[in-house]
Amino acid sequence: MSEIKVPAMGESITEGTISRWVVKEGDSVNQGDVLLEVETDKVNIEISAEESGVITSILHQEGDTVQIGEAIALLEAGAGAKESAATSVQAPEAPAPAAPEPAPVQSEQKEETSESGSPKASPSARKLARERGIDLDQVQGRDPIGRIYQEDVKTHGSVQAAPVASPSKSASAPSAPKEQASFSKPVERQRMSRRRATIAKRLVEAQQTAAMLTTFNEVDMTAILDVRKRRKDKFKEKHDVGLGFMSFFTKAVVGALKQFPTVNAEIDGDDVILKKYYDIGIAVSAKEGLVVPVVRDADRLSFAEIERNIGELASKARSNTLSLNELQGGTFTITNGGVFGSLLSTPILNAPQVGILGMHKIQVRPVAIDDERMENRPMMYIALSYDHRIIDGSEAVRFLVTVKELLEDPESLLLEG
C-alpha cells in the first residue's frame, strides 16, 4: 500500500485546494493517469499516478485544503490489486453471493462506528457538520459502505434544519428569527476560489505596506493608430501575428524605465534593488481572476515577438495552463482596463514591484491644437501607481511624461525602447 501525496509545486506554494477528483475509490489506474486537480493561488496542478494499481481510499475530498507532502489517497500497487478490485466490484452482480454480503459489511461498519463513537465521514463532511451544528449520527449517507460525504451533510442540513434545532429550546428561540431573516430575500453563498482569496489578500497587503500614490496623464493616440492602419496588413502577413497596442506600450515602458531605473526596482528591508533587466508583467483577466504572466527581457524583443509572447501568455491564462515560471519575477506591470471600457482608474501595485501602468479606453475628444484651433483626437488616459517610499512625485510624473512622449512619436520607440 502506497500513499499518494501532494507534490511540491514551487517555492512560494505551501498548500492547495482539491478542486476535482478524476477517480474514485475502487478505480484501477495506470502509471501516468491523472488522479485529481489541485488549485493553488497561482496555477492549477494535475496530480498523476506514479505507479499502476487500485485507489483503495480517498483521504481528502473536493474542497479540502491540503498541505504540500500531505497524503491525500492510498493506492494498492500491482496487478494483484487490480484483480482484487475487479472481484470486489463484480461480486455484487453475482446472484448467489450478493444477498449475504451486505450484512457482514454493515455489521462491521456498525462495530467500527460504535467503537470510534462517531460515523465514518470525510474531513470536509466533519468540518461542515461542526459549522452547521449537525449531528453526524442523524445524517443519511448515500455511500453503500456508510461513509458520509460533504454533499450528504449539505442535503441533511437543508432538509432537516428545523428538527435538528428543535430539541434545544434555548438555542431555537434566537435562531428562528435569524433563519427567517436570511431567507426573506433570495441569496446565493459561494466560496471564494483559492486564487480569488489570494488576490484579495495580496491587494490589501499592497495597500497596507506601500505608500501608494497615482499620477495621471493623457496620450494622443493619433500617430499609433496611423502606424497600425498603414502597417497592420504587412505586419500580419510577415509575422503571422496582429499589431496591437501592447507592443507599443511595452516598448514605451521599457524606454522610460531605462531613464528612471528606480521605477524598475524593489524594496528589500532597508535596501533598494535596482534591476538591470526588463521583465514586463501583462495583467490578463481569466475566469478564476486576474493573473500577471511575464514577458521576459522585453527590451530585447521586437514588436512581433512581444505581440506573439503576449498572445501566447493570454491564451494560456484563459485556459489555465500557465506555468509557475511564467508568473514569477516581473519587474514592472502593465494593465489594460480599456478593453472593458474603463475611462480612468487607479491600478494597485503588484508587490513587490514599485510601479504599475494603467491603460484605458481610447475616446475621441476635442483637443486644443493651438490658441485658435480645436480638433477631435483619439485620446487615452494613462495612470502610473507607484511606491512613494522610493519614488518621488517628480520622478513619477517625468516617467509618465516620457511614456506619453514615446507613444506620441512611435518612431522613437525603435531608438529608445
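The values are calculated or read from the model by the stated rules, or taken from the named source; none is laboratory data. Please read all numbers here as calculations on a predicted model, not as lab measurements. Positions of Cβ are generated from backbone atoms using ideal geometry, with glycine treated the same way; all protein chains shown enter the neighbour counts.
Conditions first: (1) at pLDDT below 85; (2) not assigned by TED's automatic domain parsing to the domain that holds Arg20; (3) not in a helix (DSSP H, G or I). Gln140 passes all but one, so which condition is the exception?
(2)
Listed residues Thr250, Thr262; which is among the polar types (S, T, N, Q) and under 16 Å from Glu312 (Cβ atoms)?
Thr250
Quick one: Leu415 ticks every box in (1) farther than 30 Å from Lys201 by Cβ; (2) surrounded by fewer than 17 Cβ atoms within 10 Å (Cβ to Cβ); (3) modelled with pLDDT of 90 or more except a single one, so which number is it?
Only one criterion in (1) farther than 30 Å from Lys201 by Cβ; (2) surrounded by fewer than 17 Cβ atoms within 10 Å (Cβ to Cβ); (3) modelled with pLDDT of 90 or more is unmet by Leu415, namely (3).
List pairs: first in the range 60-72 and assigned to a strand (DSSP E or B), second of a type in the set (S, T, N, Q), Cβ under 7 Å, 6+ apart or cross-chain?
What qualifies is Thr65/Thr17; Gln67/Thr14.
Would you mind finding the one in Ile382, Ile369, Ile310, Ile362 that is within 16 Å of Asp279 (Cβ to Cβ) and in the same structural domain as Lys404 (by TED's automatic domain parsing)?
Ile310
Can you find a residue that is part of a loop (DSSP other than H, G, I, E, B), under 30 Å from Ala200 (Cβ atoms), basic (Lys, Arg) and touching a Gly at 6+ places or on another chain (Cβ under 7 Å) anywhere in the range 385-406?
Looking for residues that are part of a loop (DSSP other than H, G, I, E, B), under 30 Å from Ala200 (Cβ atoms), basic (Lys, Arg) and touching a Gly at 6+ places or on another chain (Cβ under 7 Å), one finds none in the range 385-406, hence no.
Any residue that is without any contact (Cβ under 8 Å) to a residue 60 or more places away in the chain, touching a strand residue (DSSP E or B) at 6+ places or on another chain (Cβ under 8 Å) and within 12 Å of Phe249 (Cα to Cα) - is there at least one of those in the range 333-343?
Yes, some residue in the range 333-343 is without any contact (Cβ under 8 Å) to a residue 60 or more places away in the chain, touching a strand residue (DSSP E or B) at 6+ places or on another chain (Cβ under 8 Å) and within 12 Å of Phe249 (Cα to Cα).
Which one of Leu357, Leu349 is in contact with a helix residue (DSSP H, G or I) (Cβ under 9 Å, 6 or more places away or on another chain), under 26 Å from Val227 (Cα atoms) and not β-branched (Val, Ile, Thr)?
After ruling out the rest, the residue left standing is Leu357.
Just to check your reading of the model, which residue among Asp392, Asp387, Asp409 is among the charged types (D, E, K, R) and crowded, with 21+ Cβ neighbours inside 10 Å?
None of the other options fit; the residue is Asp387.
Within the range 355-375, count every residue that is part of a strand (DSSP E or B), of a type in the set (A, V, I, L, M) and free of Cβ contacts under 8 Å to residues at least 12 places away in the same chain.
Here the count works out to 2.
Out of Asp387, Asp371, I need the residue that is at pLDDT below 95 and of a type in the set (Asp, Glu). Which one?
Going through Asp387, Asp371 in turn, just one is at pLDDT below 95 and of a type in the set (Asp, Glu): Asp371.
Going residue by residue through the range 249-257, is there one that turns out to be surrounded by fewer than 21 Cβ atoms within 10 Å (Cβ to Cβ) and in contact (Cβ under 8 Å) with a residue 40 or more places away in the chain?
no
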